[in-house]
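Taken together, the values in this text are just the output of simple stated rules run on the coordinates, not laboratory data. Computed from a predicted model, the values in this text were never measured in an experiment. Cβ: placed from backbone, ideal geometry, glycine included. Neighbour counts: every protein chain shown.
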Amino acid sequence: MARVLAETGAEQARWDLAELYRSPDDPAIEATLAEALEFAREFERRYRGRIAQLSPAEFTRMMEELERHYLHSARPGLYAHLLHSLDTRDHAAGRLMARTREAAAERGKHLVFFGLEVAQLTDEQCRRLFADPVAVRYRHAIEVERRFREHQLSEVEERLLTEISPTGVGAWTRLFEELCAGIEVELDEGVAPLSVALARLRDPDRTLREGASHAITAALRRDLRTRAYIFNIVLQDKAISDRLRKYPTWISARNLANEISDEAVQALVEAVTGRYDLVARYYRVKRRLLGVDRLYEWDRYAPLGTADRRITWSEARDLVLSSYRRFSPRAGDIISDFFERRWIDAPVVEGKEGGAYCAFATPDLHPFVMMNFTGQLNDALTLAHELGHGLHDVLAARRSHVFDYHPPLTLAETASVFGETLTFDAVLAEEPDPQVRLSMLCHQVEDAFATIFRQVAMNRFEDAVHLARRTEGELAPERIGDLWQQHLQAMFGDSLSLTDEHEVWWSYVEHFVHTPGYVYAYAFGNLLALSIYRRYREAGSPEFVDAYLDFLGLGGSMPPHEAARRVGVDIGDPGFWSSGLDIVADMVAEVERLAGA
């Protein structure tokens, strides 16, 4: 069958990875890996067993040496990751990714002592370091390491786990990603990559949407058992790790890395699941607007009116750039660099990894945005979303050292959602037709649902599937599908029905495999971003804009609750999540009002 890869104008928006290395065989890669290994061996020889006895000046020198090492040694791994994303079928790229992971494990075993010894620093030793005006620069990095002290194994065990890591979960994750990138969907007009087929679910023609949905299901069923087996391996590896490290729940390690308590995450989950009625209210209205008796999974993102309009790459570029520039010329200039300097890889290409991301490594390297642009308005919003990550990374890089560079996941989605909302509001502000405004508002509501309610529903699925794997043993694909259906259907109530075909749609969500527990961070970041955005709309002052950009510039230099205070938000307030959900409730009420009118 013919390939379905329509031109969108994004074909020339490609990365120029020559700024990192000339090719996978560039001798500079092996030279860098060799230098990094030699540094790790020497660093271990000089500092192992001595960290607690170092003076503040000696501790600072040690951290500066390690920082220079990370800046230098990160390049090969980043290059391999980006190259593999562009074509997961390319053996040279895959081989290089394996090589960089093996090299990271080889040198990593020599650096295991560092995290263990820093974590064991006493309160008194830390007070001595933090009293020094230079060493205090590393306070947050030290506190992050100490947070894990109760969950560390012995040095021998940690070294062993590091050394065998290339053949562990990372290897299974790569296989899962390659299988997902290779999924081909047989549409009526030809064979399409999964990203193109998923975009068809936003087509105004219900027959085309339903056909695409059935075709996606058929494609996902191929190799389903293999992807389910990989998922089982990841689930069991997580169970073993949590047991050995004495984490009380499957998600405790993720929460600790996100610098948020189990109780706070549970409060978020309960707040969102307690407002599932908002989803049902909205889809009852949408069912009436679409004029159908019943909604199914292929109707979730069905457009109303012209919200499904096509958009070229140049139009998307201008839309996103102007949205950021209206908010802040400084932010706009940073976003412009991504286009001008080829920091974005946008077209749909055979073998390319699906989805979208913004990759970062160290403060001295710019971020790289990857997406699959299919020419829909939603793709422009995805572009604005990923560039929000890029803005966050650039601002943090200007102020942070490598240990504090990137924020935890709980803050990482804030700038992206904020930027997406900026862009959507720019589109909405230029639309005079009330019917079109209604259709666009519906689009915004559905995006909020996808980022808040759907992500929490997927968190509930993850919670159930991790527990089931630990109590029932290896899970059949059908069992995983049952849990998926149960928790995803719960958010819709009786307003939309997920058919039996939907039970395999968990199997292309790569977050479940590469970062277990990740998904609730989307809800966290979205609600935080909505609250910040409401403050921006109310204040609208240059001072608030500066405060927001300053907040982004903090990177990961302080815990989320401290950073959020910089923009007047108290995420420790028990009512915070409810107030964020009230914003979504206002949006749903506006849809109801406009639909009634």
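Data overview
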quantity: Residues with amide H under 5 Å from that of residue 372, placed H, sequence gap 5 or more; calculated: none
quantity: Per-residue Cβ neighbour rank within 10 angstrom, fewest leading, 543, 163; calculated: 543, 163
quantity: Residues 469, 565 arranged by fewest to most Cβ contacts within 10 Å; calculated: 565, 469
quantity: Mean Cβ count within 10 Å, highest first, over the residues of peptides 187-199, 258-270, 34-46; calculated: 187-199, 258-270, 34-46
quantity: Over the chain: helical MRE at 222 nm, DSSP H runs n ≥ 4 each giving -39500 (n - 2.57), nearest 500; calculated: -20500 deg cm²/dmol
quantity: Built amide H within the under 5 Å cut-off of residue 185, gap 5+; calculated: 192, 194
quantity: Whole-number D in µm²/s for the stretch 286-392 (Stokes-Einstein; Kirkwood sum over Cα pairs; 37 °C, 0.692 mPa s); calculated: 212
quantity: Stretch gain in nm, segment residue 41-residue 61, where the contour uses 0.36 nm per residue and the Cα spacing is subtracted; calculated: 5.5 nm
quantity: Rg(Cα)/(2.2 N^0.38 Å) for the stretch 47-116, N = residue count; calculated: 1.46
quantity: Förster radius 35 Å - calculated FRET efficiency between residue 188 and residue 31 (Cβ-Cβ, nearest 0.05); calculated: 0.10
quantity: Gain upon complete extension [residue 261, residue 497; 0.36 nm per residue less C-alpha separation]; calculated: 81.5 nm
quantity: Ranking of 421, 8 by count of other Cβ atoms within 10 Å, fewest first; calculated: 8, 421
quantity: In order through the stretch 175-185: 3J(HN,Hα) via Karplus (6.51 cos²θ - 1.76 cosθ + 1.60), integer Hz, x for Gly, Pro; calculated: 4, 4, 5, 5, 5, 5, 5, x, 5, 10, 10
quantity: Net +/- balance of residues flanking residue 395 in space, Cβ distance below 14 Å, scoring K and R +1, D and E -1; calculated: -2
quantity: Kirkwood Rh and Cα Rg combined as Rg over Rh, evaluated for the stretch 17-167; calculated: 1.03
quantity: For the stretch 500-514, 3J(HN,Hα) per residue [Karplus equation, 6.51 cos²θ - 1.76 cosθ + 1.60, θ = phi - 60°, Hz, x = Gly/Pro]; calculated: 4, 4, 5, 5, 9, 7, 5, 7, 10, 7, 5, 4, 4, 9, 7
quantity: Full-stretch length increase - residue 430, residue 471 - with 0.36 nm per residue and alpha-carbon distance subtracted; calculated: 9.3 nm
quantity: Residue 539 paired with residue 134, simple spin-label distance in nm, labels 7 Å along Cα-to-beta-carbon; calculated: 3.6
quantity: Phi-based couplings in Hz for the stretch 259-276 (Karplus 6.51, -1.76, 1.60; Gly and Pro marked x); calculated: 6, 9, 7, 4, 5, 5, 5, 5, 5, 4, 4, 5, 5, 6, 5, x, 10, 4
quantity: Where labels lie 7 Å past Cα in the beta-carbon direction, separation of residue 23 and residue 318 in nm; calculated: 4.0
quantity: Label-reachable residues, the stretch 435-477, where backbone N falls under 17 Å from a point 7 Å from residue 249's Cα toward its Cβ; calculated: 455-471
quantity: Spacing of the two label points (7 Å from each Cα toward its C-beta) at residue 92 and residue 364, in nm; calculated: 2.7
quantity: Volume per residue of the C-alpha convex hull in the chain, rounded to whole Å³; calculated: 146
quantity: Spin-label proximity, residue 164 to the stretch 214-247 - amide N less than 18 Å from point 7 Å beyond Cα toward beta carbon; calculated: 233-246
quantity: Alpha carbon convex hull of the stretch 333-397, projected area averaged over orientations, nm²; calculated: 4.5
quantity: Tensor-based shape of the stretch 502-597 (alpha-carbon gyration tensor, a/c under 1.5 rounded, otherwise prolate or oblate); calculated: oblate
